[in-house]
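The values are calculated or read from the model by the stated rules, or taken from the named source; none is laboratory data. It should be emphasised that the depicted structure is a prediction, and the values quoted were computed from it without experimental measurement. Every residue, glycine as well, gets a Cβ built from its backbone with ideal geometry; the counts of neighbours run over all protein chains shown. Just so you know, the surface numbers come from the protein's heavy atoms only, side chains and all, with ligands and any DNA or RNA stripped out. Shrake-Rupley method; radii C 1.70, N 1.55, O 1.52, S 1.80 Å.
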Amino acid sequence: MSLRSTAAIAVGKSSHWFLHHFLHGGTSLPGKVTLALDPDVLETLGTNYETVLITGTNGKTLTTALTVKVLQTTYQNVLTNPSGSNMKQGIVTAFLTATKAASGKQLAILETDEANVELVTRYLHPKVFVLTNIFRDQMDRYGEIYTTYDKILDGIRLEPDATIIANGDAPIFNSKNLPNPTIYYGVDLGNDRQLQAAPNTDGLLCPNCQHILRYHQLTYSNLGKYYCPNCGFSRPKLQHTVNAIIEQTPTSSTIKIDGQALTLHIGGTYNIYNALAAYSVGRFFNIPASKITLALDDQDQKVFGRQEVIELENKALTLILVKNPVGLDQVLQMIKTDKQPFSLAVLLNANYADGIDTSWIWDGRFEQLPFNRIPTILAGGERWRDIAFRLKVAGADQTEFKQIESLPAVLESLKRAPTKHIYVLATYTAMLQLRKLMAEQGYVQEGMD
């Protein structure tokens, strides 16, 4: 370790200690400070770690959390970035705060922003890349889905011997020939039919002949058992599958993975894919299937801002991050299955971390919400006017409809909600702002790192 790296790491650790003891924490600033002193410090920090990079549009944070839970059944030394700080500075902070054991395999399971895959790969030389999905998201940052995938591929191509564990139901992950060994996972319920995705769905063109893809099974968006009727391009062979979805509620999914039954204690079809990705990583590391499913069946699956249930007075507030059209629509499909009355708040910001273009809110099917079971709906956030208009068009003013700009006023209104259960859908910075306010009032721990 060079003198420069040693000094940078010492200063970074000191800044983290100060922030967490006097200023209520911080997940990226210690990394920024360290990188300012030594831009190449990540290579030093990552020495002797076997690294797994988890990336994609949706599901990175939960997939990372579940993968860590699975690997901790067998390995003691598992480093991660649990708060979702997934750019280079956040990953540096994760290494700064880790306790490095004297012996045993050292694993780093890291959620990584799609645009940072190449940068992180140059320093950490991953053993495994996990690809969850690619959907239209923050187009001001990423562009179209093919541009996003190219950013990820720029990193993967630096490590041609690393194993790729990819969502085989996503056509884009089968669109390029790569030398890397590849493991595909997906959903195969055995009920083949002739299906067609909605016409406004992204990624429906065959990468070989540009014909529109068709499906034998369609899970959601462009995910499923796809095929091209023109040239024969089709879903690759899956090594690991969800082969039964037995029951789903807003808070759980009972499924079978490779024939092993388990209940995932978090709702949403999209989270079934996240659990399957974590399962696939566990099998790659030779953890027995029975041991993995037991870990995934654990009821303690609280993840920062991702269907995180917070006790607010005598109510259960479920905080859910939304940030793009496919993710938003899947959340709406999930919460509408709640059979009990619930209150709903949607908090919209448009900062850099959220994506400055808010047009994606029009692709979420708010019109399908069961307004007769939602006695009150609240529109808030810095762009409250935009989301209020969207909700009004969808029919939200059929019930009590509130438009509140002030975040403290939003929280006070939530405390007075007429139902025991509240869903709060929030963009990234809105979620952080709400959690910070709830932390100041003692309802939640500000960070989960």
From the options D386, D363, residue that is in contact (Cβ under 8 Å) with a residue 12 or more places away in the chain, open to solvent by 10 Å² or more (accessible area, probe 1.4 Å) and under 20 Å from the mean Cα position of the chain (by Cα): D363
From the options L189, L195, L218, residue that is modelled with pLDDT of 95 or more and in contact with a Phe, Trp or Tyr (Cβ under 6 Å, 6 or more places away or on another chain): L195
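Of the residues Y185, Y226, Y215, which is buried (at least 20 other Cβ atoms within 10 Å of the Cβ), closer than 21 Å to N324 by Cβ and of a type in the set (S, T, Y)?
After applying the criteria, what remains is Y226.
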Filtering the range 398-435 down to residues that are farther than 18 Å from R383 by Cα, open to solvent by 60 Å² or more (accessible area, probe 1.4 Å) and without any contact (Cβ under 8 Å) to a residue 60 or more places away in the chain yields Q398, E400, E412, R416
When every residue in the range 228-252 that is at pLDDT 95 or above and among the polar types (S, T, N, Q) is compared, the one nearest to the chain's Cα centre (by Cα) is T241
Kindly indicate whether any position in the range 202-221 is farther than 25 Å from T63 by Cβ, in a strand (DSSP E or B) and either within 22 Å of the chain's Cα centre (by Cα) or of a type in the set (A, V, I, L, M) (or both). yes
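On the basis of being surrounded by fewer than 21 Cβ atoms within 10 Å (Cβ to Cβ) and among the aliphatic types (A, V, I, L, M), does L37 make the cut?
In short, yes.
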Among strands (runs of 3 or more DSSP E) lying entirely in the range 234-291, which contain 2 or more residues that are open to solvent by less than 20 Å² (accessible area, probe 1.4 Å)? 252-257, 260-264
Output for Cβ contacts, cut-off 6 Å, separation at least six or different chains, first residue on the phi > 0 side of the Ramachandran plot in the range 211-240, second modelled with pLDDT under 95 and surrounded by fewer than 22 Cβ atoms within 10 Å (Cβ to Cβ), reads S221/T201
In the set H20, H16, H24, the lone residue that is modelled with pLDDT under 90 and crowded, with 18+ Cβ neighbours inside 10 Å is H16
Does K225 meet the test of being over 19 Å from the mean Cα position of the chain (by Cα), among the basic types (K, R) and within 30 Å of W360 (Cβ to Cβ)? yes
With (1) modelled with pLDDT of 95 or more; (2) under 23 Å from the mean Cα position of the chain (by Cα) as the list, and D297 as the residue in question, which single condition is left unmet? (1)
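Name the one entry in E43, E50 that is open to solvent by 40 Å² or more (accessible area, probe 1.4 Å), under 14 Å from V128 (Cβ atoms) and either of a type in the set (D, E, K, R) or modelled with pLDDT of 95 or more (or both). Please lay out each step first, then the result.
Numbers: E43 fails: under 14 Å from V128 (Cβ atoms).
Matching residue, one of E43, E50: E50.
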